[in-house]
Amino acid sequence: MSIPWTMERMDVPNPPEKGETGAMETNRRNTAILFIVAGSYFLLGKLIGYVSVSALLLIWLGLYRVKTDRDAKGYFVLVAGAVLLFGNYFTLFLAIVLISLGWFLIKSQKVHRDNRHVRKHAVVDSIRLDSGAWTPVNTSRWSLFSEVRMDLSLAMQEEEEVTFMLQGFVGDIDVILPPDYGLRLESNMLVGRVAIGGEKDGGFLNRRFWQSPNYEHCPHKMKLIVGCIVGDIEIRTV
């Protein structure tokens, strides 16, 4: 006596394609970044206040929009963050300005040990060195809001090495670096981003030391020292 039997077809799920795997990894990474940003926001909010943290985020977002889109919305967000930060804490803001200026003078004297350098103070500072030949010199500049565009391929440098120091509250620095020019970067930012080639590093309490691989062997060099509360630094190699 035979017992009839049947085999049911079982549906086996298809393995995810490469595009779907990449999308899943991107979603996981974005979720992790969201958790980190949210945790940092609450932590800094407890330390310095949520209004201050929100203002710093607005300033950073405005700076990013100005740098990438170059539209009026970026400036509006930047000004809104500055008003929010300085309007509610004017006494604190004034104290920070005085401390920052004092520290700038001490740092400038330490970096430039002689008087053969350019020193400037400004509320808003815009430096455009990307449209024609220019001569790099030892420089110290302090400002509340600063924008720097520097093309080192156009530099007609007389000295072997110069030091360019920039300090203040908000800084946006864009540098074009040719292969035959040496650059050493020292940056300290409370909130900001540093992009060098395809490598990007951003976040809170961002401190970065970097120098071009051929720095010691280049005929001309620059030490770029940046210290600000909110900043965006981009170095593009050509």
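Listed here are the residues, each with its yes/no results for (1) aliphatic (A, V, I, L, M); (2) outside the structural domain of Ile36 (by TED's automatic domain parsing); (3) without any contact (Cβ under 8 Å) to a residue 12 or more places away in the chain.
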site	(1), (2), (3)
Thr139	no, yes, no
Glu147	no, yes, no
Met150	yes, yes, no
Met156	yes, yes, no
Val162	yes, yes, no
Val175	yes, yes, no
Tyr181	no, yes, no
Asn188	no, yes, no
Glu199	no, yes, yes
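What's the total number of residues in region 74-106 that are under 30 Å from Val162 (Cα atoms) and either surrounded by fewer than 17 Cβ atoms within 10 Å (Cβ to Cβ) or at pLDDT below 70 (or both)?
10
Does any residue of region 191-202 turn out to be under 17 Å from Phe145 (Cβ atoms), modelled with pLDDT of 90 or more and under 13 Å from the mean Cα position of the chain (by Cα)?
no
The values are calculated or read from the model by the stated rules, or taken from the named source; none is laboratory data. What you are looking at is a predicted structure, and each value in this text was computed from that prediction instead of being measured. Here the Cβ is made from the backbone with ideal geometry for all residues, glycine too, and neighbour counts use every protein chain on show.
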